[in-house]
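Novice: Provided herewith is a single structure, encoded as structure tokens, for subsequent inquiry.
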Amino acid sequence: MSHAFWIRLAVAGAAIVLSFTVAKLVDRRLARRQLAPGTITRYRILRQSILWTIVFVGVASALLVIPAVRGVAVGILASSAVIGLILGFAAQRTIGNFIAGLLIAFTQPVRLGDEIEFGGTRGEVEEVGLIYTWVRTPESDRLVIPNEKLVSETVRNSTIRNEKRVAEIDVQVPTGGDLRAAVAALEHSVDEVIVTRLDPATITVRRYVDAAEPLGRAQSELRLDVAERLRAAGIYGATA
């Protein structure tokens, strides 16, 4: 064997040893961190992934140095790329959940500690991960929701509230009364006027009030205001 072959072999051996050494140092550095029990499993997987990635790159690089095994190394790298492509297609749902987790992190439709309702189940958001979101129910069960479902379906968040509340009453318009005139008489003094029934003719009236104001008092004031305006417009109705 030529002198050049032994040099390449020594370089390859040094690359392999260096990759294992770097991987071990990185693993030790990561292992020093103190973590909560709930994250130990995920962190171990991360450490192992980093360890084997460094080793794989080091060994593959070492094999490329030696001409006799360069073809084998290229084949290994090519097959790894194919395997990675196959795994990518197989893991489309996981990738979708990962992207959804990023969307949740940035848009924050739910946050840690929020009380939400999903699929008829209420609970408190305990953890928002990249793949799943964990919700603790009042019975201390855990509802595990794939992030993809969380961003594509309706979620009721009881923690993120509007600073104002809605005072709402129903107004019955007398038979033969002009509904359009009743709506016109009220729409400029309230936030929303909707005709909800025709027999008997009923109008739903809504007004936004400060959260500190008692809702019963706000509804009472709304009834008085509505009665005065309907009376002024020549429409006499009873408020419910």
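No lab work stands behind these numbers, since they all come straight from the coordinates. These figures come from a predicted structure and were not determined experimentally. With ideal geometry, Cβ positions are generated from the backbone for all residues, glycine too; neighbour counts draw on all protein chains shown.
Novice: With the requirement that a residue be more than 35 Å from the chain's Cα centre (by Cα) and small (Gly, Ala, Ser), what does the stretch 191-214 give you?
Specialist: The answer is Ala201, and nothing else.
Novice: Quick check: anything in the stretch 147-167 among the charged types (D, E, K, R) and closer than 30 Å to Ile235 by Cβ?
Specialist: For the stretch 147-167, residues among the charged types (D, E, K, R) and closer than 30 Å to Ile235 by Cβ: present.
Novice: Taking the residues in the stretch 178-190 that are crowded, with 16+ Cβ neighbours inside 10 Å and over 42 Å from the mean Cα position of the chain (by Cα) as candidates, determine which candidate is farthest from Glu228 (Cα to Cα).
Specialist: So, considering only residues that are crowded, with 16+ Cβ neighbours inside 10 Å and over 42 Å from the mean Cα position of the chain (by Cα), the one farthest from Glu228 (Cα to Cα) is Ala182.
Novice: Within the stretch 91-126, restricting attention to residues that are more than 11 Å from the chain's Cα centre (by Cα) and in a helix (DSSP H, G or I), which residue is surrounded by the most Cβ atoms within 10 Å (Cβ to Cβ)?
Specialist: Gly96
Novice: Answer with yes or no whether Arg161 is within 39 Å of the chain's Cα centre (by Cα) and surrounded by 11 or more Cβ atoms within 10 Å (Cβ to Cβ).
Specialist: no
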